[in-house]
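Just so it is clear, none of the values below were taken in a lab; they were calculated from the coordinates. For clarity, every value in this text was computed on a predicted model and none was experimentally measured. Counting neighbours? That spans all protein chains shown, and the Cβs are built from the backbone with ideal geometry, glycine included.
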């Protein structure tokens, strides 16, 4: 294959629009936020300015982030996301398997139906859930017809997790589907032929060989779940806020950008840790996706 | 009389959409046979093998393995093991784990797994690679792993699906010998599926030639070559000159044929014939000479040499008879002025003894 270095100009020309985009809309804002997280609002003539900052003046934002109330929010984000991701995996794997083993002409339509939420705006999805499960919602009305309820089904962690699963399920199904679909059936046949039961074949052959897809799915679901604020706000209410709500609040309500920036970066570090774990796992299972 | 180890009785496999892959096949395979299912692609040979392994179930018929009807027994409950065309060596396991897998899943004790795995690897000469992962191995080595993994289970029957097709020519020859050697050492029945007649002829003790889902002929390699039952088998196994002939006179076993482009001659056969038949003559049974050959009963015809392909030990010659029939002749270059002396455009006599030809009615 040709080395891209032989075509340096072509390469630079083609790469520059994308690079420029990333620079303007990602690197520069992120750098600004990073700087801001070590800054405080400038005090001009004894008054706290709303627009000017004293850059690199303090670590207070991080100290404040480590306060109990915020750690609780961060921890809640971590474990609700973990449960949501796990539920997605448990639901998505059999669905992806079913699509892969369905007759070829049914596959596109099955896949389309499964990833439909992916095509619909997050806000619409979430409000749809809200209208179905609120105390005067469809479910409670139906229960009311048989003399039950109304039950409070929203404003709890379960509702948040259900909302997250609903919205992010396609992100789990797609990588699983593409991995299982590529899996050579003769591996499964060989396992059966060698005397393994169907269950044994699944755990000894199918699962380990599709692990790369599982890990990709986990990352694609877990990371956006960590930063969620819409789902936890609409379906969970203030008692179920997570770190995402705190960040949103600092930027939009409290107008304390330095503190919001520090919270954002803490969330990002949590994400990086997740990615490092993925890299380590990937290195250990090297050869699986070869 | 020994019982067949595998007895396929009136087996048919029809797929949804009306495709019949295997149509009413019956075959008996004896213990210790090296049996080949040979045929062009799409003839149903792989489907038949997969039905023996249990990976497919027949639509009709019975498959007896060791005297028991196992047509609907799942593959993990059958005393057969398969070497897959793609080898299907598990990429996430070492060679040792691959070979031990079939024992582990059936609850064999770890100590026994260890010794049997070591034995199996010894048998395929891979002991030194026991801890390798498959992606660090060549195709030939992976195939040995697949072989060891199947043989370690001590199956009654080993099934091999196109085992040599993915190997390069040199390796293929080695593996052919190796498989024959293994079969003799372990003394179990091998059933091999192949589309390559050389493979089947050189390895198998008996061959079933398949065509369009049915068995065309079951015979030993020599019988298939010298006594093909019909045009398909004659044409599929080796090279052959097929001459359309009219039977002009029948007197007992003597049939007088008039072969198009060749002429009239007598053939001896106890087969009942109609007025039409095909005369099959192998290229090496045709002879060339510059002067008119002498000899009673010889079939001879004048022909023009069109093409000479020189292969060192033999030359393959294409000649056209006066009446435009194309003939292929293989000449042994057994002297240094043999077949190499034949030149394009030369007019020569082509002749054969009718005893070396075969009259086919199907």
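Couple of notes before you dig in:
- The mean count of C-beta atoms from other chains within 10 Å of the C-beta of residues in A:193-206, rounded to a whole number, is 6.
- Computed from the C-beta positions of residue B:356 and residue B:30, the FRET efficiency with R₀ = 35 Å rounds to 0.65.
- Value of Rg to Rh for region B:240-360, rounded to two decimals, is 1.00; Kirkwood radius and Rg both from alpha-carbon coordinates.
- Gyration tensor (alpha-carbon) shape descriptor, region A:1-156, a/c threshold 1.5: oblate
- Computed FRET value (nearest 0.05) for residue B:177 with residue A:271, which takes r as the C-beta separation and R₀ as 60 Å: 0.55
- Where only C-alpha atoms are counted, convex hull volume of region B:1-147 per residue in Å³: 151
- Distance (nanometres) between label positions extended 7 Å along Cα→Cβ at residue B:253 and residue B:136: 6.7
- Tilt relative to chain B, helix B:169-186 - C-alpha long axis, 0 to 90 degrees, to 10: 60
- Label-point separation in nm, residue B:198 to residue A:66, each point 7 Å along Cα→Cβ: 7.6
- If the segment from residue A:20 to residue A:109 were pulled out straight at 0.36 nm per residue, it would be longer than the present Cα-Cα gap by 28.2 nm.
- Note on residue B:304 and residue B:322: the extension gain reaches 5.7 nm, defined as 0.36 nm multiplied by sequence separation minus the Cα-Cα distance.
- Building the convex hull from the alpha-carbon atoms of the protein assembly as shown and averaging its projection over directions returns 48.5 nm².
- Euclidean distance between Cα centres, region B:265-340 to region B:153-197, Å: 35
- With both labels modelled 7 Å from their Cα along Cα-to-Cβ, the residue A:207 to residue B:205 distance reads 4.4 nm.
- With Cα atoms, 0 to 90° folded angle of helix B:95-104 axis to chain B main axis: 70
- Within the listed set B:45, B:239, B:325, the residue fluctuating most in the Gaussian network model of chain B (springs between alpha-carbon atoms under 10 angstrom) is B:325.
- In terms of its C-alpha gyration tensor, region A:136-189 comes out prolate, because a/c is 1.5 or above and the ratio a/b outweighs b/c.
- Length gained when the stretch residue A:254-residue A:136 is fully extended (0.36 nm per residue, less Cα-Cα span): 39.2 nm
- Listing A:19, B:86 from fewest to most neighbouring C-beta atoms within 10 Å gives A:19, B:86.
- Here B:180, A:126 are placed in order of increasing Cβ neighbour count within 10 Å, fewest first, which gives B:180, A:126.
- With a 10 Å cut-off around each Cβ of B:103-116, the average count of Cβ atoms from other chains is 2.
- Over the protein assembly as shown: helical MRE at 222 nm, DSSP H runs n ≥ 4 each giving -39500 (n - 2.57), nearest 500: -13500 deg cm²/dmol
- Helix axis angle, B:139-151 relative to chain B longest principal axis, alpha carbon, degrees: 70
- Least to most buried among B:225, A:127, A:168 (fewest other Cβ within 10 Å first): A:127, B:225, A:168
- Overall, the anisotropy analysis places region A:59-284 in the oblate class: the square-rooted eigenvalues a ≥ b ≥ c of its C-alpha gyration tensor yield a/c not less than 1.5, with a/b not exceeding b/c.
- Compactness of chain B, expressed as Rg and Dmax over alpha-carbon positions, Å: 24.8, 77
- Selected from A:75, A:106, A:257 as most flexible by GNM, with chain A as the system and alpha-carbon contacts under 10 Å: A:106
- Average other protein chain Cβ within 10 Å of Cβ, residues A:111-117: 0
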